[in-house]
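Any read-out appearing in this document is the output of simple, stated calculations on the displayed coordinates, not a laboratory observation. Model, not experiment: these values are computed from the prediction. No Cβ is skipped: glycine too gets one built from the backbone with ideal geometry, and neighbour counts run over all protein chains shown.
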Amino acid sequence: MTATLEDAPAAEQPAGEIPTFDVTLRVRRYSPENGEESTWDEFTVTAHGTDRVLDALHMIKWEKDGSLTFRRSCAHGVCGSDAMRINGRNRLACKTLLKDVNPDKPITVEPIKGLPVLKDLVVDMEPFFASYREIMPFLITHGNEPSRERIQSAEQRERFDDTTKCILCAACTSSCPVFWTDGQYFGPAAIVNAHRFIFDSRDDGATQRLEILNDKEGVWRCRTTFNCTEACPRGIEVTKAIAEVKQAMITRAF
Ligand code: SF4
Ligand code: F3S
Ligand code: FES
C-alpha cells in the first residue's frame, strides 16, 4: 500500500530523522532480446521526502532489478540524459520530486516518444542528434581572424539568451505530435539551437541555417501546439523561439 508524506506519523519519527514513505513505480520494460512487445513492471520502494524519480529508479536498479536500464549522468538537471515520460508528461527524472507527482498512486515511467526504444527507458537519440547537427550548431564567421575578442553588447547577448539554456534532453522534440507522426520533422530542439546562432550578432551563418529550416521538414511543420514549451525542463520559450525563426524567414524573403 502506498502512503503520502502527510500520512507519515510524525510521532513515530525519531527527532532529526527524515520521514519516509512507500511509493510504487510502474515502469515500461522492453528488451530487444526477447523480441516481444513492451510490458509493465511494478516496484515499490521506500523513499524520503526529497527523493526524486531518479532516486527511486536507482533504488529499483540497485536493490530489486539490476537489469532495469535508463540513462543518467549528472543527476542535477544539467546533462539532459534522463528525459522520460513520468505520469504521461516529459520530464527529467532527476528534477522530478516523487512527492510532486502524486505518489498515492503508482507513478508511470516510460521512455520518451517518437524515438526507437533500445531497452527499457533508453531510446536511440541518433535521429534527434542528426537534426541537431544539420542546423550547424556552431559559430560561423567569414573574413579575417579577429585580432581581439568579438565584442557583443548586453542587448545583443540578451537576444538569444533563452535559447542558450538548452541541454539537448529531447523532452521538447519527443513531446511534439508532428514529430511523432513520422520523425522527419527537424523538431523544436534543432530549431531552438538554430535560433541560438541565427540571432547571435557574431554569427555569419544565419542565411544558411534559415535555408535549411525552410525545408518541407523544417519550421513550417510546426503547428504551434506548445507541447514543447510545456515539456522543456529549462523553461525555454520554445514555441516563441520557433515563431521568431519563422519571422526571420519571412522578413529575409525566403
Ligand atoms: Fe530539452 Fe528544452 Fe533543449 Fe528541448 S529546448 S532539448 S526540452 S532543454
Ligand atoms: Fe510541435 Fe512545439 Fe510546434 S510541440 S507543433 S514544435 S509548438
Ligand atoms: Fe543529468 Fe538528469 S541526470 S539532467
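From largest to smallest, the equivalent ellipsoid semi-axes obtained for the range 57-129 from the alpha-carbon gyration tensor read 19, 15, 13 Å.
Each residue in 64, 246 was given a count of other beta-carbon atoms within 10 angstrom of its own, and listing them fewest first yields 64, 246. Taking a Cβ cut-off of under 10 Å around residue 194, the surrounding Lys, Arg, Asp and Glu residues balance to a net charge of +1, with basic ones at +1 and acidic ones at -1. What is the helix-to-structure angle for 238-251, meaning the angle in degrees between its Cα long axis and the longest Cα principal axis of the chain, kept from 0 to 90 and rounded to the nearest 10? Approximately 10 degrees, to the nearest 10. Semi-axes of the equivalent ellipsoid for the chain, computed as √(5λ) from the eigenvalues of its C-alpha gyration tensor and ordered from largest down, come to 40, 21, 15 Å. The residues 180, 62, when put in order of fewest to most other Cβ atoms within 10 Å, stand as 62, 180. Measuring spread by the Cα atoms of the range 135-183 yields a radius of gyration and Dmax of 16.5, 49 Å. Based on every Cα atom in the range 135-254, Rg and the maximum pairwise Cα distance Dmax equal 14.5, 49 Å. Within the straight-line cut-off of under 30 Å between alpha carbons, the lysines reachable from residue 99 are 61, 64, 113, 119, 165, sequence neighbours fewer than 8 places apart in one chain being disregarded.
List 242, 135, 212 from most exposed to least, where exposure is judged by having the fewest other Cβ atoms within 10 Å.
On the way: 242 22, 135 26, 212 19.
Lowest to highest Cβ neighbour count: 212, 242, 135.
Among the cysteines of the chain, 94, 166, 169, 176, 222, 232 have no other cysteine beta carbon within less than 4.7 Å of their own.
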